[in-house]
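K.L.:
Encoded as structure tokens, here's the structure I'll be asking about.
The values are calculated or read from the model by the stated rules, or taken from the named source; none is laboratory data. Everything numeric in this text was worked out from a predicted model, so none of it was measured. When we count neighbours, we look across all protein chains shown, and the Cβ atoms used for this are built from the backbone with ideal geometry, even at glycine. Quick note on the areas: whole protein, heavy atoms, side chains included, nothing else; ligands and nucleic acids left out. Shrake-Rupley method; radii C 1.70, N 1.55, O 1.52, S 1.80 Å.
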Amino acid sequence: MIQAPTSQSFQNSLINEDETEKQAPFRTIYCGDARSLPNEISPNSVDLIVTSPPYWRKRDYGIKGQIGQEKTSEDYVAAIISALGEWRRVLRPSGSVFLNIGDTYWQKSLQGIPSLVEASARRAGWILRNRIIWVKKGGMPDPVKDRLAGRHEYILHFAINGYYYDLFGYAERYSLGQKGANPGDVWEITSQRNMGKHLAPFPSEIVERVITLACPHSVCHKCGKPRRRIVKRTAELDISRPQARRALEIAKEKNLTPEHIAAIQATGISDAGKARLVQNGTDRNSEDVRKLAAEAKVILGGYFREFTFAKRKSCGWTDCECGAPFEPGVVLDPFMGTGTTLDVAERMGRSSIGIDLDVSQVREVS
Ligand SMILES: C[S@@+](CC[C@H](N)C(=O)[O-])C[C@H]1O[C@@H](n2cnc3c(N)ncnc32)[C@H](O)[C@@H]1O
């Protein structure tokens, strides 16, 4: 085991918004097999696994026990599923796995490896939350003449129910153009060139995005519960939309109160049928709230909808009843390679654990 203390020098105001007093992050590296994690990593101790295993029949690392050189694609998929099973043991219930995986042409045909992994993982009880398409900008030239060059890979998000997710923080950072909108599952990221044995390090931006989305800043030291962002709707509208400007004019002319606006937001777009359940998720609005919403909807006509997509604001982070100190979220990369995941985790104030059969490629911590 190689251990190195980390500094918290990288203080980006957005990624470190949750400034809870907590222990300093750690960084630990083990030499070992991704399918049999060291006992030092306790059950329920990891918040996020982000990793890029060797793809099937792509690169021979020449190490005993390596994944990737199996005879058949089925054997390869079985190896990945066995690794996923082992990772589940150390993952907290609020944890996630983001697996960057590519496909392989074999005897002229694509093998559909990502779909095989998806199907087997679902059978093993994982929830597949997203199949993110990484569009590789600036990829290497491909000499092939009878098919199109491959320019994408997948990043599969597997989770267990109740996983931690900060879509608000992610959208603030990554939704270009329409601020706050859901930025979607296509990531255009320039491939990283690398020297040495590992010609396939993943770009740090992938890890940054994944950590922003799915690794808590702070976790209760005692029960392991993450602090989750509290987001509230405001009455603030996007005034670049003429409909929003008109909605505000009517609300002012007719003296609608903040309680009216809040009532519209609580009841949502429709009080009828299924939407009644979908819009506020509970259908537990009091009689008063429903009355205020109905009044406001009559006054505003169709413009009432504008208030249902008013801006949302981050108002803080949930606490934990334990009263125990908090510690930084823990990121694990079981196919660490050069250590991209660990470097990014450190910059973002998270603890990190790296595992690889060959730890000689890992970059020194400065
Ligand atoms: C695609 S590289 C990972 C690159 C890494 N994401 C980076 O940014 O450098 C795959 C790594 O898996 C390691 N590896 C192969 N089989 C393994 C196994 N069974 N357990 C752990 N590591 C393994 C290889 O040594 C290699 O470093």
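K.L.:
I need every pair where a residue in segment 172-201 that is farther than 25 Å from Arg241 by Cβ has its Cβ under 8 Å from the Cβ of a residue that is aromatic (Phe, Trp, Tyr) and modelled with pLDDT of 65 or more, sequence separation at least 6 or different chains.
P.N.:
Between residues of segment 172-201 that are farther than 25 Å from Arg241 by Cβ and residues that are aromatic (Phe, Trp, Tyr) and modelled with pLDDT of 65 or more, the close pairs are Trp187/Trp134; Ile189/Trp134; Gln192/Phe202; Lys197/Tyr61; Ala200/Tyr55.
K.L.:
Whether any residue in segment 229-249 is in contact (Cβ under 8 Å) with a residue 40 or more places away in the chain and under 16 Å from the mean Cα position of the chain (by Cα) is what I want to check.
P.N.:
Yes, segment 229-249 contains a residue that is in contact (Cβ under 8 Å) with a residue 40 or more places away in the chain and under 16 Å from the mean Cα position of the chain (by Cα).
K.L.:
Could you run through segment 206-248 and say how many residues are acidic (Asp, Glu) and in contact with a helix residue (DSSP H, G or I) (Cβ under 9 Å, 6 or more places away or on another chain)?
P.N.:
Qualifying residue count for the region: 2.
K.L.:
Suppose the filter is modelled with pLDDT of 95 or more, open to solvent by less than 60 Å² (accessible area, probe 1.4 Å) and basic (Lys, Arg); does Arg92 pass it? Write out each step before concluding.
P.N.:
Working: modelled with pLDDT of 95 or more: yes; open to solvent by less than 60 Å² (accessible area, probe 1.4 Å): yes; basic (Lys, Arg): yes.
Here the answer is yes, as Arg92 does meet what is asked.
K.L.:
Follow-up. I'd like the full set of residues that are out of contact with any helix residue (DSSP H, G or I) (no Cβ under 8 Å at 6 or more places or on another chain), within 13 Å of the ligand (Cβ to nearest atom) and open to solvent by 10 Å² or more (accessible area, probe 1.4 Å), limited to segment 326-352.
P.N.:
Phe335
K.L.:
Restricting the search to segment 31-48, which residues are closer than 20 Å to Pro328 by Cα and of a type outside the set (A, V, I, L, M)?
P.N.:
Of all residues in segment 31-48, those closer than 20 Å to Pro328 by Cα come to 40-48.
Scanning segment 31-48 gives Glu40, Ser42, Pro43, Asn44, Ser45, Asp47.
K.L.:
Does Gly349 satisfy being under 17 Å from the mean Cα position of the chain (by Cα) and of a type in the set (Gly, Ala, Ser)?
P.N.:
Details: under 17 Å from the mean Cα position of the chain (by Cα): yes; of a type in the set (Gly, Ala, Ser): yes.
So Gly349 fits the description; yes.
K.L.:
In segment 228-236, is there at least one residue being farther than 30 Å from Asp358 by Cα and touching an Asp or Glu at 6+ places or on another chain (Cβ under 7 Å)?
P.N.:
Scanning segment 228-236, I find at least one residue that is farther than 30 Å from Asp358 by Cα and touching an Asp or Glu at 6+ places or on another chain (Cβ under 7 Å), so the answer is yes.
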